Amino acid sequence: MLKLTIAGRPNTGKSTLFNALTGTRDALVHDRPGVTRDTISGVLRERNWTIFDTAGLETAKSGIAADSTNMALEAISSSDAVLFVVDGRVGLTPADIEWARLVRRKTKAPVLLLANKSESGKRMADVHEFYKLGFGEPFLISAEHKTGFEQIYDFLDKIAPDAQKSEADNAIPQKLKIAIMGQPNVGKSTLVNKVLGEKRQIVIDAPGITRDTIKIPTKFYGRDIVLMDTAGLRRKAGVTDDVETLSALKSLDAIEKADVVILVVDATKNIENQALGIAARVYDAGKILCVALNKWDLVEPELRDDKLLKLKHQFTNSFHQIIKPIILAISAETGTGVQNMFRRIYEQWDISNSDAPTSLINRIIEKLVEARHPPMSRLKRPMKIKFARQTGRHPMKITINVGGASDIPESYTRYLRRGLAEALHWEHLPVVIEYKKDENPFDEK
């Protein structure tokens, strides 16, 4: 698809415009300037354009601001069109002039000048000053109120008249969405960059660099996927900044939007309860979880077997929804184990999209009941398992029709869950069993 980049100095409303044009809340929006650091991508709702939200252009020579600016300029240089956003209330600033000069130097693509925050004409500065930027007429918009957007669509249609979306475009199958999660500074963005084969995410040896949940469509190891790089999650006691709070909420929201979650942990340290808490949320949401032991190359060889065994026991004993957690050793820095990890993830995703034959499920249940009869209820009534079937995916759900007792002990449910998961090769998937007090639908009336 064609590429459209939103550019401009900090705090002109670029992220609000990105969210409005994509119909999402993917870009973190805050009154503080400089909140956006990485380049975020999305799809324009009414056109076949990929749209990029970039960090506010700054003059820093080094550090995070410099990295953010360089990534923004790279996006601009590869774009087919640019939306240059200025603040219509503040008026023209020296920073606007400087970055307009940079944009002109970086790209020959058409540029549309947008004077944002124009919902109140009384508070507007002299917009005619913006002609000095060299992009022609400034068009008044309000990203917050979604006004003036017809000028944006007219601009894009002149560049690519055939890029309007059709019903067929909307029917394209969804790609596998994989969220990369974990505590700060465990190597999430390094892993994303390794998969992409380029420095797309800022990587600095300091926590809290990534703030947005960044969605990046790519192809890796034979599959089209969407990587979701999330902000690091710290314990609540350590979070005092409201921007970090918003980042954390967006990270947790990524669990619901993802199909698979890769929980990255630092193999050189002991796993913390925070990581186990993330895992619990993933399992409760019915998603596939892969625990990536990053920086494995830095672990002393004689300690590796013991560390891996201890971690597997820790996860197995903490969560009843899963039989065998996927725990793999990798090095995001060198790429060791990364392809194998994605191969395992793809295998489990394919399994999770399958339906087990009802006849097979009932044969498995029958054998399990024969081997270990259900206990009597509190009222001393026997439980009769009459019929079972698969009723859901993500998590894999089995509904069992029962007669007699209805207060089935959790210990017996765990026994059935384990037996079913092992027989159906669902050991790495969240499995849920629910009971329905009903008659077998195949019984004769």
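The values are calculated or read from the model by the stated rules, or taken from the named source; none is laboratory data. These numbers were taken from a predicted model, which means no experiment stands behind them. Positions of Cβ are generated from backbone atoms using ideal geometry, with glycine treated the same way; all protein chains shown enter the neighbour counts. With ligands, DNA and RNA removed, areas are computed over all heavy atoms of the protein, side chains included. Shrake-Rupley method; radii C 1.70, N 1.55, O 1.52, S 1.80 Å.
Along the charge dipole of the stretch 272-320, Cβ charges K/R +1 and D/E -1, which of Gly286, Gln274, Pro301 sits furthest on the positive end?
Result: Gly286, furthest along the dipole toward the positive end.
Using a Förster radius of 30 Å, what is the FRET efficiency between Leu276 and Arg372 based on their Cβ-Cβ separation? Nearest 0.05, please.
Details: r = 30 Å, r/R0 = 1.00.
Computed FRET efficiency for Leu276 and Arg372 comes out at 0.50.
Anything over 32 Å Cα to Cα? Flag those among Lys3/Lys177; Lys132/Lys175; Lys158/Lys215, in the order listed.
Lys132/Lys175
Let me check against my output: what whole-number percent is the relative contact order of the stretch 307-402, with C-alpha pairs under 8 Å and at least 6 apart?
Values: 68 pairs, mean separation 15.6, N = 96.
So the answer I get is 16 percent.
Compare Lys175, Lys188, Lys310 by solvent-accessible area with a 1.4 Å probe and give them largest first, with all protein chains kept in place. Present the calculation step by step, with values, prior to reporting the outcome.
Values: Lys175 85, Lys188 15, Lys310 130 Å².
So the residues, ranked largest to smallest area, are Lys310, Lys175, Lys188.
Would you mind getting me the FRET efficiency between Gln174 and Arg343? Use the beta-carbon distance for r and R0 = 25 Å, nearest 0.05.
0.75
Accessible area of Tyr131, 1.4 Å probe, to the nearest 10 Å²?
Counting only protein heavy atoms, the figure is 110 Å².
I need the peptides 362-368, 12-18, 74-80, 98-104 ranked by packing, meaning the mean over residues of other C-beta atoms within 10 angstrom, with the highest value on top.
On the way: 362-368: 15.7, 12-18: 25.6, 74-80: 20.1, 98-104: 18.4.
The densest-packed peptide leads the list: 12-18, 74-80, 98-104, 362-368.
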